[in-house]
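The values are calculated or read from the model by the stated rules, or taken from the named source; none is laboratory data. Just so you know, these numbers come straight off a predicted model, no measurement behind them. Every residue, glycine among them, receives a Cβ derived from its backbone with ideal geometry; neighbour counts consider all protein chains shown.
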Amino acid sequence: MKMFSLIGARSVVSRLEPEEKRTFRLHLIYQSIEGIILGVLALNEFVFLKSLQGSSYQVGILFQMSVIVFLFLVIFNELRKRIRNRKLLIRTAALVTRLPFIVLLFFPTEPQAYISDQIYHYIFLAIFFIYYLGNIIILPAINVMLKVNYRHENFGKLYAYTTSVNKLIMLLVTFLYGMFLDLDFYAFRYAFPLIAVLGIISLFILSGIDITKANVISSEGSVWESVKLSVRRMYSILKENKPYRDFELGFMGYGLAFMMTSPVINIFLNDGLGLNYSSVAFYKNAYNVIAIVLLLFTGNWLGRMDPRKFAAFTFLSLGLHVLFMMLAEYFTASFNVGQVRISVALIVSYLFYGYFAGTMVLLWNIGSAYFCRPEEADDYQSNHLFLTGVRSTLAPILGVFLYEMIGFTWTFTVGIAFSFISVVIMLRSYRNQRLNNVTA
């Protein structure tokens with residue numbers, strides 16, 4: 001499989017223009033290093049529950065912070081476009097948002113310390129809030145960097161290749177990290193400072209991609225005027241581009257489903273099923289294997305398929321993942337392989353999540369760019385990320401609240417319903433546009 005991926009990548013890379021090759025090389029190195037970081041972060045919420053003794057609501061907040069930071073894009077998007085030295089901006093973000101991880105090296109190794117004093121929970125949450133703030137700079141920058149340097153026909157393919165390498169590395173790191181955590185519940189104290197250093201290195205490398213073709217707007221006017229301009233630009237995009245508006249409406253339903261169920265699933269794996277770190281790492285790796293295989297093809301699929309049709313299958317797979325996750329409480333057939341508990345229902349659940357992961361990584365990161373001109377890619381992705389922040393203000397905490405009030409089953413049922421609603425929205429939008437094109 002890996003050999004097939006490399007052969008396909010080499011075939012495409014050999015036909016690239018010089019600037020495309022340089023961009024691909026730098027992005028590939030960045031994605032490789034980020035794979036190590038994401039491999040550690042894959043168990044982050046489970047670490048917070050199991051090692052730091054965090055509460056269910058704090059886990060909801062931890063997940064929420066990863067997306068609520070995108071609300072700041074309404075302020076920062078216009079300011080970011082005024083900055084001419086984008087390389088310096090990315091490198092500054094690397095230092096400011098990654099260095100705080102070093103503080104975790106000084107966390108205690110006694111469970112009673114976390115039970116008796118909540119200060120460690122708050123410090124942990126604050127560090128990750130700072131870390132996630134970097135995404136409002138980094139994610140739009142990546143989108144426009146790639147869009148202005150890749151030809152349209154290569155955009156999805158090359159992104160898929162680098163992402164497959166990212167996930168291969170992530171898979172290995174998650175597996176090893178889970179084993180270390182079972183041996184030492186406080187291994188995170190060493191893992192997080194390590195990824196602080198790696199995160200800085202990866203972003204310094206990413207900043208080497210040429211971004212001079214991206215738009216730089218005038219620095220005249222106040223910050224408040226910039227915010228108003230940013231809001232008007234976001235509103236104008238949604239008002240005038242109906243296919244994109246439908247795309248984001250479908251994402252709203254999916255986002256509510258995903259954000260409501262994600263923190264609850266981590267609670268379910270710990271409190272409902274009593275899994276250890278090795279078991280959780282096994283399931284996360286299992287879906288990543290499927291995602292890696294799919295990434296050999298999904299870049300081509302997204303290039304040839306309307307993003308809304310592509311999204312409908314992605315959202316459906318999420319709903320089925322949550323459905324079989326819910327059934328794991330009732331269909332308890334399982335067996336042990338070493339320290340790993342193999343549950344039949346969870347295997348099916350993560351098969352669907354593997355498809356979801358292999359398609360959503362493209363859809364969420366670059367799907368918006370298919371609705372605009374290359375130089376508008378950062379605006380459209382900023383809009384997409386801001387709307388992600390909007391739904392995050394409610395969904396994660398609502399999911400935990402529903403779990404506390406009505407339990408796992410009904411919380412998962414609400415998430416499944418939102419997933420299926422988003423599928424209907426995507427398919428109706430796609431069908432209506434096709435009918436309009438035929439009758440035009």
| Within segment 302-343, considering residues that are without any contact (Cβ under 8 Å) to a residue 24 or more places away in the chain and under 23 Å from residue 414 (Cα atoms), the one surrounded by the fewest Cβ atoms within 10 Å (Cβ to Cβ) | 330
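Hey, among 320, 249, which residue is within 15 Å of residue 352 (Cα to Cα) and in a helix (DSSP H, G or I)?
Numbers: 249 fails: within 15 Å of residue 352 (Cα to Cα).
Checking each option against the conditions leaves just 320.
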| message | Out of everything in segment 102-131 that is part of a helix (DSSP H, G or I) and polar (S, T, N, Q), what residue ends up being surrounded by the fewest Cβ atoms within 10 Å (Cβ to Cβ)? | response | 112
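For residue 359, indicate whether it is under 18 Å from the mean Cα position of the chain (by Cα), within 25 Å of residue 320 (Cβ to Cβ) and buried (at least 21 other Cβ atoms within 10 Å of the Cβ).
Values: under 18 Å from the mean Cα position of the chain (by Cα): yes; within 25 Å of residue 320 (Cβ to Cβ): yes; buried (at least 21 other Cβ atoms within 10 Å of the Cβ): yes.
Yes, satisfied.
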| For segment 16-28, does any single residue satisfy the condition of being closer than 29 Å to residue 381 by Cβ, of a type in the set (Phe, Trp, Tyr) and at pLDDT 85 or above? | yes
| field | Residue that is farthest from residue 429 (Cα to Cα), among those in segment 362-385 that are under 12 Å from the mean Cα position of the chain (by Cα) and surrounded by fewer than 22 Cβ atoms within 10 Å (Cβ to Cβ) | value | 365
| query | Among the residues of segment 109-124, is there at least one that is under 28 Å from residue 84 (Cα atoms), under 23 Å from the mean Cα position of the chain (by Cα) and of a type outside the set (D, E, K, R)? | reply | no
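Checking the condition in contact with a helix residue (DSSP H, G or I) (Cβ under 9 Å, 6 or more places away or on another chain) and modelled with pLDDT of 90 or more, which residue from 251, 297 passes?
Numbers: 297 fails: modelled with pLDDT of 90 or more.
So the residue among 251, 297 that is in contact with a helix residue (DSSP H, G or I) (Cβ under 9 Å, 6 or more places away or on another chain) and modelled with pLDDT of 90 or more is 251.
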| Any chance residue 99 is more than 17 Å from the chain's Cα centre (by Cα), aliphatic (A, V, I, L, M) and not in a helix (DSSP H, G or I) | no
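Specify the residue that is farthest from residue 386 (Cα to Cα); the eligible residues are those in segment 77-94 that are modelled with pLDDT under 75 and part of a helix (DSSP H, G or I). Break it down stepwise before answering.
Restricting attention to segment 77-94, the residues satisfying the condition of being modelled with pLDDT under 75 are 77-84.
Now restrict to residues that are part of a helix (DSSP H, G or I): 77-82.
Values: 77: 10, 78: 13, 79: 15, 80: 14, 81: 16, 82: 19 Å.
It comes out as 82.
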| query | List the pairs whose first member sits in segment 367-383 and is assigned to a helix (DSSP H, G or I), whose second member is surrounded by 19 or more Cβ atoms within 10 Å (Cβ to Cβ) and of a type in the set (Phe, Trp, Tyr), and whose Cβ atoms are under 6 Å apart, counting only residues at least 6 apart or on separate chains? | reply | 368/380; 371/244
| request: Go through (1) surrounded by fewer than 17 Cβ atoms within 10 Å (Cβ to Cβ); (2) over 15 Å from residue 362 (Cα atoms) and name the single condition residue 149 misses. | output: (1)
| said: Among the residues in segment 284-301, are any among the aromatic types (Phe, Trp, Tyr) and surrounded by 21 or more Cβ atoms within 10 Å (Cβ to Cβ)? | reply: yes
| message | Take the conditions more than 14 Å from residue 286 (Cβ to Cβ) and touching a Pro at 6+ places or on another chain (Cβ under 9 Å) and apply them to residue 330. Does it pass? | response | no
| task | Please state which one of 404, 375 is of a type in the set (Asp, Glu), modelled with pLDDT under 85 and farther than 17 Å from residue 327 by Cβ. | result | 375
